[in-house]
Amino acid sequence: MTQVHIDTPVQPDAPAPHKMTARNVDVFYGSKQAIKDVSIDVDMDRVTAFIGPSGCGKSTFLRTLNRMNDTVSSARVTGDIRLDGDDIYSPQMDVVQLRARVGMVFQKPNPFPKSIYENVAYGPRIHGLAAARGEMDEIVEGSLKRAGLWEEVKDRLSDSGTALSGGQQQRLCIARAIAVDPEVILMDEPCSALDPIATAKIEELIHELRGRYAIVIVTHNMQQAARVSQRTAFFHLGTLVEYGETSEIFTNPREVRTKDYITGRYG
Amino acid sequence: MTGMVAQMPDRDRKVAERVPTDWKTGAMQTRIRRRYAAERRFRFMGLAAVVLSAAFLAFLLVTMLAQGLRGFTETRLALPIDFAAAGLEVTPAQLEQRGADAALASAGLERVVDNAAVAAFGPDGMDLISDTAWIRVGERLKADPGLLGGQAVIAVPASAGVDLAAKSGDTPLDARVAELRAQNRLTTGFAWGFLTGADSTDPTRVGIWGALKGSILTMVVTLLLAFPIGVLSAVYLEEYAPRNRWTDLIEVSINNLAAVPSIIFGLLGLAVFLATFQMPRSAALVGGLTLALMTMPVIVIAGRNAVKAVPPSIRDAALGIGASRVQVVFHHVIPLALPGILTGTIIGMARALGETAPLLMIGMRAFIAGPPGGFTSPATALPVQVFLWSDEVSRGFVEKTSAAIIVLLVFLLAMNGLAIYLRNKFEQRW
Ligand SMILES: Nc1ncnc2c1ncn2[C@@H]1O[C@H](COP(=O)(O)OP(=O)(O)O)[C@@H](O)[C@H]1O
Ligand SMILES: [Mg+2]
């Protein structure tokens with residue numbers, strides 16, 4: 001953590017350094033290139049949205065940020081991705097610790113088929129974050145509260161997590177992710193399997209979580225990107241077409257492809 | 001392209017001109033009737049198949065029970081003995097100490113009992129009671145030493161000939177047995193000796209405990225070996241091994257191994273464990289090792305399918321919050337796959353329990369008159385015992401064979417019941 005950022009020297013009155021930086025990232029599945037030369041920064045206190053037509057590589061790029069692509073044997077990542085200035089693909093980086101610091105919420109709610117309590121407690125337990133049982137209870141309660149689920153489940157913490165509704169399951173997954181106190185949260189289309197009311201709850205939740213974590217959200221819903229994010233990246237065919245302030249992208253896109261996509265010409 | 005464009009209006013017209021379907025025509029009604037008939041036919045055939053298999057099972061059980069239940073009983077003769085007159089040189093105090101059996105034997109209890117039989121039943125008395133009758137009398141004396149000073153009527157086991165005549169008839173002793181029965185001196189009781197004894201040449205003296213204990217020891221070795229190795233192989237092959245030519249080869253080999261006839265595993269056990277490693281012949285340890293070779297592929301195949309059926313989203317979820325791969329496997333994949341793994345284990349173990357041929361090959365068919373002392377002492381197993389007894393000439397062994405089969409089936413049911421209980425228990429955890 002004390003490492004000096006060699007390539008981005010910090011001036012006294014410069015803005016805070018980026019939480020994560022990606023430079024010239026290429027991703028290949030076998031010989032097929034899914035991501036071409038993408039460079040992007042992710043900041044604290046901000047929600048970054050990735051938009052683009054399906055198959056353009058949003059999920060692929062998102063999964064390079066916590067090395068979930070390691071589980072795909074054909075995937076190969078080149079380029080430079082840093083978390084707080086540390087190269088996350090370097091041999092010194094422990095992938096287990098990285099994934100604790102960069103949490104992930106998946107497209108389909110995937111709670112463990114265990115009790116609600118166990119779902120949230122699992123991460124802190126394997127990382128040894130709670131010394132005593134009481135401490136674990138606090139972590140579970142705090143995480144569920146921050147995920148806006150506490151009031152709904154506080155009386156049935158021992159019920160199975162899979163018995164909840166889809167929207168509750170997704171909030172449980174968010175609680176599970178924040179229980180290990182990550183610095184970055186990656187969300188891959190977290191609302192695509194949910195109804196509008198559950199979606200609204202998750203969006204509200206993202207607003208509340210913004211102050212504490214750097215959040216990256218993939219979405220195919222442009223209104224959602226406009227509502228929840230401060231910065232938006234538009235991907236197309238594996239390349240990053242445009243990246244900037246969300247208000248800019250939606251009102252005044254620089255690229256014609258972005259404009260076409262936003263106005264619904266394709267997608 | 002142009003051809004298609006030219007066709008388009010034509011096709012559109014056809015769609016527009018299509019007459020509305022009349023669902024009430026005769027052809028439609030016939031189709032409905034045929035559909036119902038097909039459904040009825042299928043239901044009938046399915047039901048018939050179920051009834052047929054249930055009937056086979058019932059037939060098996062009924063014949064086994066009819067034959068075998070008699071194997072659990074013994075015929076007894078009421079034998080009056082006058083201990084006071086016989087002058088046994090034993091004191092009541094001796095009977096209460098250890099070494100009472102030796103004291104009774106050296107005091108000539110066997111002779112006393114034989115004499116009492118002659119006195120009670122006439123000159124053929126000694127042939128009517130079992131050779132082990134005096135042991136039963138000794139047990140009575142030990143339980144009640146006060147009998148030594150007086151007389152008592154004790155129910156002693158009858159000889160094999162009397163037992164057979166009383167149970168099935170059609171023997172030279174039938175008339176004599178009818179006479180005894182008329183005198184009310186013949187009774188039937190539960191043969192505890194069958195549950196506690198081991199093999200013997202006399203059908204009234206055989207017991208199943210020797211073979212049952214041999215089977216239990218063998219199954220313990222099989223389970224302790226096949227289950228962990230099978231589960232670890234399955235998990236490694238599914239979760240860790242790269243997909244390449246070598247793992248394909250291993251997969252094919254394991255699938256083939258599961259189909260190899262069991263006698264070949266017996267030959268393998270003979271060559272490897274007995275010839276090469278010089279392990280003891282006829283031992284439960286070797287039997288268990290041999291059956292483990294046979295059971296392991298079944299567990300590996302079932303285990304791989306169970307591991308494969310665990311949804312990848314669960315693995316992603318655990319990896320996504322920083323679980324290591326070993327943690328993913330032991331915290332999530334194996335618990336979720338356990339019911340499936342246990343099902344495979346039940347099938348494999350049930351097959352191993354009933355297996356005779358490989359055990360014959362490694363010498364577990366020897367005549368062993370006492371229950372095995374441990375994993376390395378000579379033992380036999382239930383199916384081998386059934387095989388050996390069914391080969392005996394003496395008619396008394398017929399019911400003992402069926403009784404042994406009942407014990408085997410009960411053991412099998414108990415094993416399966418336990419596994420199903422465990423499976424349900426693990427399924428309920430979610
Ligand atoms: N595991 C994989 N193996 C091979 N190709 C993949 C794999 N995952 C994704 N792809 C390909 O990579 C491209 C980008 O996919 P993805 O990142 O899922 O797109 P998005 O999330 O934007 O819809 C697609 O062409 C897809 O077919
Ligand atoms: Mg995607």
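All of the numbers you see were taken from the coordinates with simple rules; none came from a lab. These figures come from a predicted structure and were not determined experimentally. Note: ideal-geometry Cβ built from the backbone for every residue, glycine included; neighbour counts use all protein chains shown.
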Which residues' amide hydrogens lie under 5 Å from the amide hydrogen of A:SER39, considering only partners 5 or more residues apart or on another chain, with H built in the peptide plane? A:ASN24, A:VAL25
Between the residues B:ALA165, B:SER130, B:SER106, the Cα farthest towards the positive end of the dipole of segment B:69-190, that dipole coming from +1 and -1 charges on the beta-carbon of Lys, Arg, Asp and Glu, is from B:ALA165
Amide hydrogen neighbours beyond the local backbone of A:ALA233, cut-off 5 Å, H modeled: A:ALA49, A:PHE50, A:ILE51
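Between B:ALA49 and A:GLN230, take the C-beta separation as r, use R0 = 56 Å, and let me know the FRET efficiency to the nearest 0.05.
Once rounded, the FRET efficiency stands at 0.25.
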Filtering chymotrypsin sites (Phe, Trp or Tyr not before Pro) in segment B:350-424 by DSSP loop and by at most 13 other Cβ atoms within 10 Å leaves B:PHE367
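Fewest Cβ neighbours within 10 Å first, please rank A:ILE126, B:ILE263, A:ILE116, A:ILE81 accordingly.
Ordered by Cβ neighbours within 10 Å, fewest first: B:ILE263, A:ILE126, A:ILE81, A:ILE116.
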About its Cα centre, how strong a charge dipole does segment B:61-121 have in debye, to the nearest 20, once Lys and Arg get +1 and Asp and Glu get -1 at the Cβ? 260 debye
Averaging over every viewing direction, what projected area does the convex hull of the Cα atoms of segment A:121-267 cover, in nm²? 10.1 nm²
³J(HN,Hα) computed for each position of segment B:352-369 - Karplus, 6.51 cos²θ - 1.76 cosθ + 1.60, integer Hz, glycine/proline x: 5, 5, x, 6, 10, 3, x, 6, 4, 5, 9, x, 7, 9, 5, 6, 10, 7
If I take R0 = 56 Å and measure r between the Cβ atoms of A:SER158 and B:VAL153 in this structure, what FRET efficiency does the formula 1/(1 + (r/R0)^6) give, to the nearest 0.05? 0.30
5 angstrom amide H check on A:SER115, placed H, neighbours 5+ away: A:GLY161
For labels at A:GLN223 and B:THR196 in the simple 7 Å Cα→Cβ model, what's the distance in nm? 8.4 nm
Along each principal axis, Cα extent of segment B:209-426, largest first, Å: 69, 38, 28
Enter the mean projected area of the convex hull around the alpha-carbon atoms of chain B, in nm², rounded to one decimal. 40.0 nm²
With the crude spin-label approximation of a point 7 Å out along Cα→Cβ, what separation in nm comes out for A:ASP86 versus B:GLN29? 8.2 nm
Spin-label point model (7 Å from Cα, Cβ direction): what's the B:ARG181 to B:GLU251 distance in nm? 6.6 nm
How many Cβ atoms of partner chains, on average, are near each residue of A:106-117 if near means within 10 Å of its Cβ? 4
Please report, in debye to the nearest 20, how large the charge dipole of segment A:42-139 is about its Cα centre when each Lys and Arg carries +1 at its beta carbon and each Asp and Glu carries -1 there. 460 debye
Please work out how much length the chain gains when fully extended from A:THR263 to A:GLN97, using 0.36 nm per residue of separation minus the C-alpha to C-alpha distance, in nm with one decimal. 55.7 nm
Would you calculate a helix-derived [θ] at 222 nm for chain B, using -39,500 (n - 2.57) for each DSSP H run of n ≥ 4 and dividing by the full residue count, to the nearest 500? -20500 deg cm²/dmol
Tell me, what HN-Hα J-couplings in whole Hz come from the Karplus equation 6.51 cos²θ - 1.76 cosθ + 1.60 at θ = phi - 60° for each residue of segment B:408-417, using x for Gly and Pro? 4, 5, 5, 4, 4, 4, 4, 4, 5, x
Any chance you could give the angle, 0 to 90 degrees and rounded to 10, that helix B:245-259 forms with the longest Cα principal axis of chain B? 40 degrees
Given Cα positions, please report Rg to Rh for segment B:60-133, the hydrodynamic radius being the Kirkwood one. 1.16
Over 38 Å [Cα-Cα, the protein assembly as shown], rounded percent: 61 percent
Partner shielding of B:321-329, as the mean number of partner chain Cβ atoms within 10 Å, equals 6
If you take the beta carbon distance between A:VAL256 and A:SER54 as r and set R0 to 22 Å, what does 1/(1 + (r/R0)^6) give as a FRET efficiency, to the nearest 0.05? 0.60
Residue-wise HN-Hα coupling along segment B:264-271, computed from phi with Karplus coefficients 6.51, -1.76, 1.60 (Hz; x: Gly, Pro): 5, 5, x, 4, 4, x, 4, 6
Compute the Rg/Rh shape ratio of segment B:69-190: radius of gyration over Kirkwood radius, all on alpha-carbon atoms. 1.00
